[in-house]
Amino acid sequence: MTALETRSQHQCFDGIQGFYQHASTVIGLPMRFSVYQPLQAKSQRIPVLFFLAGLTCTEETFMIKAGAQRYAAEYGLMLVSMDTSPRQTGIAGESDDWDFGVGAGFYLDATHAPWSKYFQMESYVTQELRNIIIDQFPADPNRTGIFGHSMGGHGALTLALRNPSLYRSVSAFAPICAPMRCPWGQKVFSSYLGENQQDWRPYDATALIEDGCRIPDILIDQGLNDQFLTEQLHPHHLENICAAAGQKLTLRYHQGYDHGYYFISTFIGEHLKYHHDALIR
């Protein structure tokens, strides 16, 4: 069993908010994650939601800023968030840009050196961390959902589409919907995955649906005052592909909201209700 270091624990809405670290065999470096266990977790295995945060974020960002624990306590949901990349890899240039390297793992398994040595975030989330949560916390492995924000919204969509047997529900806030078509995605994919754009398609939600992947439902919320909407996020591409493919999608646009956690905290309760309803069926 993986040895966990408890960095801190805090009482929160009658549950426990914990922050942990462990030596990751998949990443090859220490990794940090956070878990909120509501009161219901003391007596039974409960549904679990994995939240994937965005660029520059850590395992703390969502738990501190989103206000999700109030709703997780109400609905009896465990919340898990993890760091957004390996850190202190020693790779030259890993911290030069805020949208690349450290804090920008993009929830994929890199295939090109030097990034491939450590940047194995898909395997970390879907295998190693998932197993830790199931083995060492009272999480129900048959009632698992995934959601995320921005880069993490991209991750939630692609991991759900690539692993439909693992996740029974998926949602996203302002996700990068077509990373092959935006500067963030092109910058990262060319370095992590190489220049062959066919190798990018398995990590692009729009391309995955175009290539035949399907899941029961997708919920997305997007602010219309989001500074990244036009250049980076491209929800219209996903919307068009879903309509053509018959993939169920609820895409809600919100006037006045931007890209940050004020937006997320406004609608987080609705997302947890959405996942709760899907996971208790």
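The values are calculated or read from the model by the stated rules, or taken from the named source; none is laboratory data. Here the structure is a predicted model, which means the values were calculated and not measured. No Cβ is skipped: glycine too gets one built from the backbone with ideal geometry, and neighbour counts run over all protein chains shown. Quick note on the areas: whole protein, heavy atoms, side chains included, nothing else; ligands and nucleic acids left out. Shrake-Rupley method; radii C 1.70, N 1.55, O 1.52, S 1.80 Å.
Structural remarks
- For the stretch 77-96, filtered to residues that are touching a residue at least 12 places away in the same chain (Cβ under 8 Å) and out of contact with any Leu (no Cβ under 8 Å at 6 or more places or on another chain), the residue that is farthest from His275 (Cα to Cα) is Ala92.
- Qualifying positions in the stretch 168-216 - touching a Pro at 6+ places or on another chain (Cβ under 6 Å) and open to solvent by less than 10 Å² (accessible area, probe 1.4 Å): Cys177, Gly185, Asp204
- Look at the stretch 16-43: where a residue is touching a residue at least 60 places away in the same chain (Cβ under 8 Å) and a partner is of a type in the set (Phe, Trp, Tyr) and assigned to a loop (DSSP other than H, G, I, E, B), sitting 6+ places away or on another chain with Cβ atoms under 7 Å, you get Ile27/Tyr118; Gly28/Tyr118; Leu29/Tyr118; Val35/Phe137; Gln37/Phe137.
- Hey, Gly101 at pLDDT 95 or above, open to solvent by less than 20 Å² (accessible area, probe 1.4 Å) and among the small types (Gly, Ala, Ser) or not: yes
- Residue satisfying all of: in the stretch 217-260; out of contact with any strand residue (DSSP E or B) (no Cβ under 9 Å at 6 or more places or on another chain), open to solvent by 20 Å² or more (accessible area, probe 1.4 Å) and charged (D, E, K, R); nearest to Tyr274 (Cα to Cα) among these: Lys248
- If you go through the stretch 110-128 and pick out every residue that is open to solvent by 30 Å² or more (accessible area, probe 1.4 Å) and either within 29 Å of Thr144 (Cα to Cα) or within 13 Å of the chain's Cα centre (by Cα) (or both), you end up with 6.
- Note on the stretch 1-104: enclosed strands (runs of 3 or more DSSP E) holding 1 or more residues that are farther than 20 Å from Gly153 by Cα and small (Gly, Ala, Ser) are 5-12, 15-23.
- Restricting Tyr274, Tyr262, Tyr257 to those that are touching a residue at least 24 places away in the same chain (Cβ under 8 Å) and under 20 Å from the mean Cα position of the chain (by Cα) reduces the list to Tyr274.
- Scanning the stretch 53-67 for residues that are farther than 11 Å from Ser34 by Cα and of a type in the set (D, E, K, R) yields a single hit, Lys65.
- Yes/no for Tyr20 being hydroxyl-bearing (Ser, Thr, Tyr) and over 20 Å from Ser150 (Cα atoms): yes
- Residues in the stretch 48-69 that are charged (D, E, K, R) and open to solvent by 20 Å² or more (accessible area, probe 1.4 Å): Glu60, Lys65.
- Residue within the stretch 181-196 that is under 19 Å from Thr84 (Cα atoms), in contact with a strand residue (DSSP E or B) (Cβ under 8 Å, 6 or more places away or on another chain) and not aromatic (Phe, Trp, Tyr) present: yes
- Considering residues of the stretch 27-45 that are aliphatic (A, V, I, L, M) and surrounded by 22 or more Cβ atoms within 10 Å (Cβ to Cβ) only, the residue nearest to Gly269 (Cα to Cα): Val35
- Matching residues, the stretch 190-239, being in contact (Cβ under 8 Å) with a residue 24 or more places away in the chain and of a type in the set (Phe, Trp, Tyr): Tyr192, Tyr203, Phe228
- Helices (runs of 4 or more DSSP H) fully within the stretch 164-254 counting 1 or more residues that are over 22 Å from Gln120 (Cα atoms): 205-210, 235-245
- The test for being surrounded by 20 or more Cβ atoms within 10 Å (Cβ to Cβ), modelled with pLDDT of 95 or more and farther than 14 Å from Ile268 by Cβ holds for Asp83.
- Test result for Asn163, surrounded by fewer than 16 Cβ atoms within 10 Å (Cβ to Cβ) and either at pLDDT 95 or above or within 14 Å of the chain's Cα centre (by Cα) (or both): no
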